[in-house]
Amino acid sequence: MDRFEYIEARLFEGENYIKREKNVKIYDGDDKTQFTDGEVVLTTHRILWGKPGDIPKGLVCLSLHLYYVFCLEEESGGVFGLGGPKRIILHLGPSLPGKRPGPAVVSPFHFVKFSFKDGIDPAFYKALGEAVAAKAWEQPTPVSSPISPTNSSSSGRPSVAPTSSRIRSGIVGIERSIEEQHRATDESISVAFKDLTKLMEKAKDMVAISKNISNKIREKQGDISEDDTVRFKSYLMSLGIDDPVTRDAFRSDSDYYMGLAQQISDMMVAVLMDCGGIMSLADVWCRVNRARGLELISPEDLLNACKLLQTIGAPMALRKFPSGACVLQLNTNRDEEIAKVTSDMLEDNGFLTPEKLSQLANVSVLLARERLYTTERLGLACRDESIEGLAFYPNRFLNEAL
């Protein structure tokens, strides 16, 4: 922000008002500043920024001469660039001698951002580009301005910067911008190749399964097992959803949640079958967003959609345990069967802790703990809580006489 000046909000001779916007804050490069919720005024020569009401009264405000600007662009708001444009990036040439004092003496950045709370008005962005291209400050004016900086011309521009210097500063800025774009491109390519490596590893498993299925069909040596089918579907779903449900496609939130619930049901049925019929809602959120790519959903959207699974007749439902843990569970995954399997594991091991059951059953510690609690509620296990931790034992009262 070393190109800004503190100056009275008056126009130069020959300078004309163009457009005004409210609720604007300024960034010094990517860093936030104290200049927030202000009013910006675009003229043929400058950009003025001040608190609402200050500029019309002619009070001191921030001023940025447009001759510093050699390039401008829009920056989209939201996560991963989703949503409409919210900021205008101004790439600036070096600070010139004779500049009035401003909010910063030296800045490490060669660009500033104007962030618009209500989004960028296309008319304002177009007017700004036209004002920069018109270069009205290069047109001589007969009378000097009362607020011109020291050693400045009547147009309000310092007279110490020749045209060749301005061109050179613009070229340097453009070269620097191109270098930054190349660096960002290289980083994106590196990330893409890492993702491609993971995809190739997953593809090897898919190719092996597909060959197995095709060989069985060709040789007719046996039916395709259910495990092969489930695993194949699981790998396909992990690659992504072709047409993810988005809020823009629906007129109301209720319709959006209904459509999202149907898509979650379609993609998670194979995944749940592959992991024992139950999965924590946090893991479900990760699986769904990984499949959706850039069309991410919030935890709240996932929760609201899962609440409607029973409404649409899905083969799964949202369940909340007494501890408060939320899971997605297949309707065929009954507590009695889970408790029976867990009881058998208790008999085989003598006792189990949530951590040990987590390793044996290949589930999270949270789900392992809930399985043990469910087994206890159905009378097939006894709990022991001590300073050594939480452990569960077989219920000997069922099989042994007192």
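Contour minus end-to-end for T36 and D118, with contour as 0.36 nm per residue of separation and end-to-end as the Cα-Cα distance?
Full-extension gain reported as 28.2 nm.
Sorted from fewest to most neighbouring beta carbons within 10 Å, what does the list D348, D28 look like? It would help to have the intermediate numbers written out before the result.
Working: D348 10, D28 19.
Listed from fewest to most nearby Cβ atoms, that is D348, D28.
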D348 and E130 label points (each 7 Å along its Cα→Cβ direction) are spaced in nm at 7.8
Rg (one decimal) and Dmax (whole number) from the Cα set of segment 335-398, in Å, equal 10.4, 31
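Dividing the alpha-carbon radius of gyration of segment 1-65 by 2.2 N^0.38 Å (N being the number of residues), what value is obtained? Write out the running numbers ahead of the final one.
Details: Rg = 11.3 Å, N = 65, 2.2 N^0.38 = 10.7 Å.
After normalising by residue count via 2.2 N^0.38 Å, the value is 1.05.
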Taking placed amide H atoms and a strict 5 Å upper bound, the residues 5 or more places from G102 or on another chain that come that close are Y6
Residues whose modelled amide H sits under 5 Å from the amide H of M316, counting only those 5 or more places away in sequence or on another chain, are N331
In this structure, the FRET efficiency calculated for E337 and L303 from their beta-carbon separation, with R0 = 35 Å, to the nearest 0.05, is 0.85
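Using the 10 angstrom Cβ neighbour count as an exposure proxy, how do K117, K86 rank, fewest first? Spell out each step's value before the answer.
Working: K117 12, K86 18.
Result, fewest neighbours first: K117, K86.
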When R377, R319 are ranked with the fewest other C-beta atoms within 10 Å first, the list becomes R377, R319
Cα-based Rg and Dmax for segment 287-331, in Å, come out at 11.6, 35
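Between R247 and C286, take the C-beta separation as r, use R0 = 22 Å, and let me know the FRET efficiency to the nearest 0.05. Don't jump to the answer; show the numbers that get you there.
Details: r = 20 Å, r/R0 = 0.92.
For R247 and C286, the calculated efficiency is 0.60.
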Full extension between L296 and L360 adds, at 0.36 nm per residue less the Cα distance, a length in nm of 19.7 nm
For the pair N23 and Y6, the simple spin-label estimate (label points 7 Å beyond Cα toward Cβ) gives in nm 3.0
Cα-only Rg/Rh for segment 283-383 with Kirkwood Rh rounds to 1.03
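Where a number appears in this text, it was derived from the coordinates with a stated rule and is not lab data. Only a predicted model underlies this, so the values are computations on that prediction, with no experimental measurement involved. With ideal geometry, Cβ positions are generated from the backbone for all residues, glycine too; neighbour counts draw on all protein chains shown.
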